[in-house]
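Q: Before we start, here is the structure in question, set down as structure tokens.
The values are calculated or read from the model by the stated rules, or taken from the named source; none is laboratory data. Treat the numbers as computed from the prediction; the structure is a model and nothing was measured. Backbone-built Cβ (ideal geometry, glycine too); neighbour counts: all protein chains shown. The area values use the complete protein model at the heavy-atom level, side chains included, leaving out ligands, DNA and RNA. Shrake-Rupley method; radii C 1.70, N 1.55, O 1.52, S 1.80 Å.
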Amino acid sequence: MTNKDFVPVRYQHRIREGKVTFKAPSNIALVKYWGKRTGQLPANPSISFTLDACATTTSITYSKLEKPYTKFSFELIFEGKPKEEFKPKIESFFERIETYLPFLKEYHFKIETSNSFPHSSGIASSASGMAALALCLLQMEKEMDPGMSEDFFNRKASFLARLGSGSACRSIQGNLIQWGEHKETKGSSDLFAIKYPYKVDSIFQNYHDTILLVDKGQKQVSSTVGHNLMHGHPFAEQRFAEAHKNLSSLKEVFATGDLKKFIQIVESEALTLHAMMMTSIPYFILMKPNTLKIIEKIWKFRASSKTHVCFTLDAGANVHVLYPENEKQKVYQFIKDELVAYCENGHYICDRIGFGAKKV
Ligand code: PMV
């Protein structure tokens, strides 16, 4: 598919006013997306677990304007209060998607949005937020074009969400989602994410992700700045090639449930992401001392308990602790006894693999 396939031809119906609501989850990448090309295209393919508890709920109340406006007409309410600071991001999202949703200037939108997780938790809400917003807007199009297939709806929702925030394209469906062209994955695309199309062992079905909030402050490096650091980065090409290789290796891991290999790939991906930031110009250390303490504890506990607990990281200090359902008692006890002490104010979030966004 190409960009053109997402430009609508003609609507069968016109709608005047209404309200639509979607709840979209966050996601955690196993193979990381870090580096992008013009047009919000990824420099390498990535794969993620869709989460469940960490989510954004967004409602759009729309009403048709007397005549199309020259600018986008919208108000933004975040957790019950108007939020002017978020408007420029939405404005630029509207600009990027207008070709694909040409009715945007014909309506006034009241956008009401809230997160299931606290705002200052160091958890980025851009993936779930942009996915929920894209879904609401696309639902309007579906009402004007009721024949739209579910498959196309999911693809276009992912395509639109990507234009808001890259990783948001992996927050439409569950539970194992791949984004970016990879020659060994049929149907994979840089334009939108797909459900991982091959066999996945049942061990991955109820995977847990306990998010340890080590640092709840604002991100030290924004994603935009971070992705840009990969331009001219001395190790960029090797890194991109490594992501392709790791995805290829995961195929057998997912099929067989080989947790030892899974852990090796996932932890190596997390550390590579941080290594890229440490070796760019300018360079950053986004881990905190407590991030390292947690990693050491996980490694020690894994060796002594013979469990399969492992960690991954986003572009920050928080640690995602991953473990299978059949080890949850042992690992959760370990988290409470030994890891929570390293979290800011003892805060953490219990999440697990989820099944994608829902219309509310
Ligand atoms: O979607 P963005 O532009 O915020 O980038 C997210 C990048 C990582 O979270 C660090 C990795 C990933 O693949 O989600």
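Q: Helix 87-97 versus the longest principal axis of the chain: what angle, 0 to 90°, nearest 10, using Cα atoms?
A: 70 degrees
Q: Under a 10 Å cutoff between Cα atoms, tell me which one of Gln40, Gln264, Gln238 has the largest fluctuation in the Gaussian network model of the chain.
A: Of Gln40, Gln264, Gln238, the most mobile in the Gaussian network model is Gln238.
Q: Using the structure shown, list the pairs from Lys71/Lys216; Lys183/Lys359; Lys4/Lys261; Lys87/Lys297; Lys105/Lys359; Lys81/Lys288 with a Cα-Cα distance above 30 Å, or answer none.
A: Pairs exceeding 30 Å: Lys71/Lys216; Lys183/Lys359; Lys4/Lys261; Lys87/Lys297; Lys81/Lys288.
Q: Can you tell me, using C-alpha contacts under 8 Å and at least 6 residues apart, the relative contact order of the stretch 1-110 as a whole percent?
A: Over the stretch 1-110, the number comes to 29 percent.
Q: With N set to the number of residues, divide the alpha-carbon radius of gyration of the chain by 2.2 N^0.38 Å and report two decimals.
A: Rounded to two decimals, the normalised Rg is 0.99.
Q: Under 5 Å between amide H atoms, partner at least 5 residues away or on a different chain: which partners does Asn318 have, H built in plane at 1.01 Å?
A: Val214, Asp215
Q: Quick one: angle between helix 289-305 and the longest Cα principal axis of the chain, in degrees between 0 and 90, rounded to 10, please.
A: Approximately 60 degrees, to the nearest 10.
Q: Same structure again: Please list 3J(HN,Hα) in residue order for the stretch 227-232, calculated via the Karplus relation 6.51 cos²θ - 1.76 cosθ + 1.60 where θ = phi - 60°; whole Hz, with x for glycine and proline.
A: Taking θ as phi minus 60°, the curve returns 4, 5, 5, 7, 6, x Hz for the stretch 227-232.
Q: Now a separate question. Beyond 29 Å, what share of the Cα-Cα pairs of the stretch 206-352 remains, rounded to the nearest whole percent?
A: Here the tail beyond 29 Å accounts for 20 percent of pairs.
Q: In 5 Å bins starting at zero, report the fraction of Cα pairs in the stretch 147-215 per bin as a rounded %.
A: Here the calculated profile for the stretch 147-215 is 3, 16, 21, 20, 18, 14, 6, 2, 0, 0.
Q: Once you keep just the Cα pairs under 8 angstrom separated by 6 or more residues, what percentage relative contact order results for the stretch 85-179?
A: Averaging sequence separation for qualifying contacts and normalising by length gives 29 percent for the stretch 85-179.
Q: Ok, one more. Return P(r) of the stretch 3-199 (all Cα-Cα pairs; 5 Å bins starting at 0; whole %; ordered from short to long distances).
A: In whole percents, the pair-distance histogram is 1, 8, 16, 21, 20, 16, 10, 5, 2, 0, 0.
Q: Any idea what the relative contact order of the chain is, in percent, if you count C-alpha pairs under 8 Å spaced at least 6 apart?
A: Over the chain, the number comes to 24 percent.
Q: Report in % the part of the accessible area of the stretch 206-352 that belongs to carbon and sulfur, leaving out ligands and nucleic acids; probe 1.4 Å.
A: The value for the stretch 206-352 is 54 percent carbon and sulfur by accessible area.
Q: Scanning the chain for chymotrypsin sites (Phe, Trp or Tyr not before Pro) in DSSP loops with at most 11 other Cβ atoms within 10 Å, what's the longest stretch left with none?
A: It works out to 1-282.
Q: Quick one: 3J(HN,Hα) in Hz for the stretch 315-327, Karplus 6.51/-1.76/1.60 with θ = phi - 60°, rounded, Gly and Pro as x.
A: These are the phi-based 3J(HN,Hα) values: 7, x, 8, 5, 10, 9, 9, 9, 7, x, 3, 6, 10 Hz.
Q: Further, regarding this structure: Skip the ligands, DNA and RNA, and give the accessible area per residue of the stretch 1-81 with a 1.4 Å probe, whole Å².
A: 50 Å²
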